[in-house]
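Trainee: Structure in structure tokens, see below.
The values are calculated or read from the model by the stated rules, or taken from the named source; none is laboratory data. If you're wondering where the values come from, they're calculated on a predicted model, not measured in any experiment. Here the Cβ is made from the backbone with ideal geometry for all residues, glycine too, and neighbour counts use every protein chain on show. Just so you know, the surface numbers come from the protein's heavy atoms only, side chains and all, with ligands and any DNA or RNA stripped out. Shrake-Rupley method; radii C 1.70, N 1.55, O 1.52, S 1.80 Å.
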Amino acid sequence: MIDLSCIYMVWLRDIIRYFREKSQLYGSLTRPILWLFILGLGLRGGFRSVQNVNYTQFIFPGIVAMTAIFTSIQSAISIIWDREFGFLKEVLVAPVPRTSIVLGKALAGTTLSLIQGCIILLLAPLVRVKLQIINVLPLIVVIVIMSFALTGIGIIIAARMTSFQGFGTIMNFVIMPMWFLSGALFPLQGQIPWWLNFLVRINPLTYGVDLVRRLVLGFSFYSPYFDLGFLIIFSGLTTALAVYFFNRGEY
């Protein structure tokens, strides 16, 4: 059972609150810009060219993915915020299914992630990446699917956490390994240990970065259809788990 008005209300509230907190918007955009231009230009000289792209261009899709993962998972902290200040209890006593609340939160996180991802894409000319107009819509679709899946992870964490500090600790524990093992910063398809290769292969962000790289730079390490299929399946799995854990949570 899904209540569309409840989904819209939860989505709209999170969007309005986000744009009212300007510091959160500026802070979330500063991180990827620093990684792209400081790290990218700093390590550019020691990078062996892949498919005739330099290091800054190589990590550009990874920076888009980083923006998606940080924004998506961090957006779920609004659940703890709402619980802390009693708003969540008021929503839960209303005759609306909890699944609708989860979907509203997931769509809000996805929307915020998409907005920030598009802002980062606007930086493409600064690193001499030429985006093809025909690839813009597929890029948006990929960011939406990836963000929806990652927001589900954030909701799962938030449903089990009771403090902002705990959420922040677990969030970093999840985000950083996923990002480093996604191939966002360097190619991981060379001679790497089997266990590292296994972690790379089961990491959903690997396929998100790979698909974004395909649409932005014109090459990828895996089949685009496999990338997309993996992301869709993972998105369905995280959404189902998010609904399950949110329904079992004590508020």
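Trainee: Find all pairs meeting these conditions: Cβ atoms under 7 angstrom apart; at least six residues apart or on different chains; first residue within the range 223-251 and under 22 Å from Lys89 (Cα atoms); second residue basic (Lys, Arg).
Mentor: Taking only residues 6 or more apart or on different chains, the pairs are Phe245/Arg160; Phe246/Arg98; Asn247/Arg98; Tyr251/Arg83; Tyr251/Lys89.
Trainee: Return the residue satisfying two criteria in turn: it lies in the range 115-138 and is open to solvent by 100 Å² or more (accessible area, probe 1.4 Å) and among the hydrophobic types (A, V, I, L, M, F, W, C), and of such residues it is nearest to Gln24 (Cα to Cα).
Mentor: Looking at residues that are open to solvent by 100 Å² or more (accessible area, probe 1.4 Å) and among the hydrophobic types (A, V, I, L, M, F, W, C), I get Leu122.
Trainee: Is it the case that Gln165 is at pLDDT 85 or above and open to solvent by 20 Å² or more (accessible area, probe 1.4 Å)?
Mentor: So Gln165 does not fit the description; no.
Trainee: I'd like to know if the range 83-94 contains one or more residues that are open to solvent by 10 Å² or more (accessible area, probe 1.4 Å), in contact (Cβ under 8 Å) with a residue 60 or more places away in the chain and of a type in the set (Lys, Arg).
Mentor: yes
Trainee: Scan Pro187, Pro224 and give me the residue that is in contact with a helix residue (DSSP H, G or I) (Cβ under 6 Å, 6 or more places away or on another chain), farther than 28 Å from Lys105 by Cα and not aromatic (Phe, Trp, Tyr).
Mentor: Going through Pro187, Pro224 in turn, the sole match is Pro224.
Trainee: Give the residue, chosen from Phe47, Phe70, that is at negative phi, open to solvent by less than 60 Å² (accessible area, probe 1.4 Å) and modelled with pLDDT of 85 or more.
Mentor: From the options Phe47, Phe70, the qualifying one is Phe70.
Trainee: Kindly indicate the residue of the range 139-152 that is in contact (Cβ under 8 Å) with a residue 12 or more places away in the chain and surrounded by fewer than 23 Cβ atoms within 10 Å (Cβ to Cβ) and also farthest from Ile38 (Cα to Cα) among those meeting that condition.
Mentor: Ile145
Trainee: I'm trying to understand the selection: among the residues of the range 1-47, which are out of contact with any Phe, Trp or Tyr (no Cβ under 9 Å at 6 or more places or on another chain) and outside any helix (DSSP H, G or I)?
Mentor: Met1, Ile2, Asp3, Glu21
Trainee: Just for the range 185-207: of the residues that are more than 13 Å from the chain's Cα centre (by Cα) and among the aliphatic types (A, V, I, L, M), which one is most open to solvent (accessible area, probe 1.4 Å)?
Mentor: Across the range 185-207, the extreme among qualifying residues is Ile202.
Trainee: From Asp82, Asp3, Asp14, grab the single residue that is touching a Pro at 6+ places or on another chain (Cβ under 9 Å) and either modelled with pLDDT under 85 or acidic (Asp, Glu) (or both).
Mentor: So the residue among Asp82, Asp3, Asp14 that is touching a Pro at 6+ places or on another chain (Cβ under 9 Å) and either modelled with pLDDT under 85 or acidic (Asp, Glu) (or both) is Asp3.
Trainee: Looking at Leu36, Leu41, can you tell me which residue is open to solvent by 10 Å² or more (accessible area, probe 1.4 Å) and touching a Ser or Thr at 6+ places or on another chain (Cβ under 8 Å)?
Mentor: Result of the check over Leu36, Leu41: Leu41.
Trainee: What is the residue count in the range 168-184 for residues that are open to solvent by less than 30 Å² (accessible area, probe 1.4 Å) and part of a loop (DSSP other than H, G, I, E, B)?
Mentor: 3
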